[in-house]
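*Asks:* Following this message is one structure expressed as structure tokens.
The values are calculated or read from the model by the stated rules, or taken from the named source; none is laboratory data. All of these numbers come straight from a predicted model, not from anything done at the bench. Side chains are part of the model used for accessible areas, which takes the heavy atoms of the whole protein and leaves out ligands, DNA and RNA. Shrake-Rupley method; radii C 1.70, N 1.55, O 1.52, S 1.80 Å.
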Amino acid sequence: MDANKKCVICGRAAVFYSSYLKQELCKKHFERMLIKRVKSNINLYKINNKSFKLENQNKCGKEFLKFIFKGMESSGGKKLSSYTLEDFAICVMKFFLFHDAADKRINNRSFSPLFNVSENEIISFFNLKNIKLQSVDRNRKDKVVLDFLKEIEERRPGGMISVVKVGMKLGII
Ligand SMILES: [Zn+2]
């Protein structure tokens, strides 16, 4: 954390650079913006349910969904998948690189409200609450693709989001 960096919203010390918003944020506004993004995804796709069944594809994602939808869990509710930005970015890249069939949809039988939320953001979110989360284990091929995506992200913050957006535009995910 760089002491000189300030939250664009309130001017307090920034704790996180959001590559999604391209903004420095303090703890309060980082948390608020991240939760807001998930809720606006729910609204954008007109998911009007009051109860949700949380799926367990990605354990980081599941923890975050549990935090946001506390008290709204029900076995008969709308299914929410816990796939994150990484899962969808890997899926789109494998489609292009290896012609792998895309096996994830943002909105199908279950809805994926974390399609534009990264594991890095989720881990930081919990770190700021002194809760340690491990990043998700992936098979070798997915790891190689994710390392490549992370390198892109380092050179151009927001690169992973761009990959997912292209995938959405082309109807891959
Ligand atoms: Zn702030």
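*Asks:* Would you please give the residues with an amide H less than 5 Å from that of Ile9, counting only those at least 5 places away or on a separate chain, with H modeled from the backbone geometry?
*Replies:* For Ile9, whose amide H was placed from the backbone, the distant partners under 5 Å are Cys26.
*Asks:* Hey, another quick one. Probe of 1.4 angstrom, ligands and nucleic acids ignored: what's the accessible area per residue over segment 27-169, in square angstrom?
*Replies:* Heavy-atom accessible area per residue stands at 56 Å².
*Asks:* Another question about this same structure. Could you tell me the largest-minus-smallest coordinate of the C-alpha atoms of segment 102-173 on each of the three principal axes, in descending order and whole angstroms?
*Replies:* On the principal axes, segment 102-173 reaches 39, 31, 24 Å in Cα extent.
*Asks:* I would also like to ask the following. Ranked by accessible surface with a 1.4 Å probe, highest first, in what order do Met160, Met33 come?
*Replies:* Largest to smallest exposure gives the sequence Met33, Met160.
*Asks:* Of the heavy-atom accessible surface of segment 27-169 (probe 1.4 angstrom), what whole percent is carbon and sulfur? Write out the running numbers ahead of the final one.
*Replies:* Details: 3950 of 7980 Å².
Here it works out to 50 percent.
*Asks:* What are the residues whose amide H is under 5 Å from the amide H of Lys53, where those residues sit 5 or more places off or on another chain and H is modelled from the backbone?
*Replies:* Ser74, Gly77, Lys78, Lys79, Leu80
*Asks:* To two decimal places, what compactness ratio does segment 27-169 give when its Cα radius of gyration is scaled by 2.2 N^0.38 Å?
*Replies:* In units of the globular-protein estimate, segment 27-169 measures up at 1.03.
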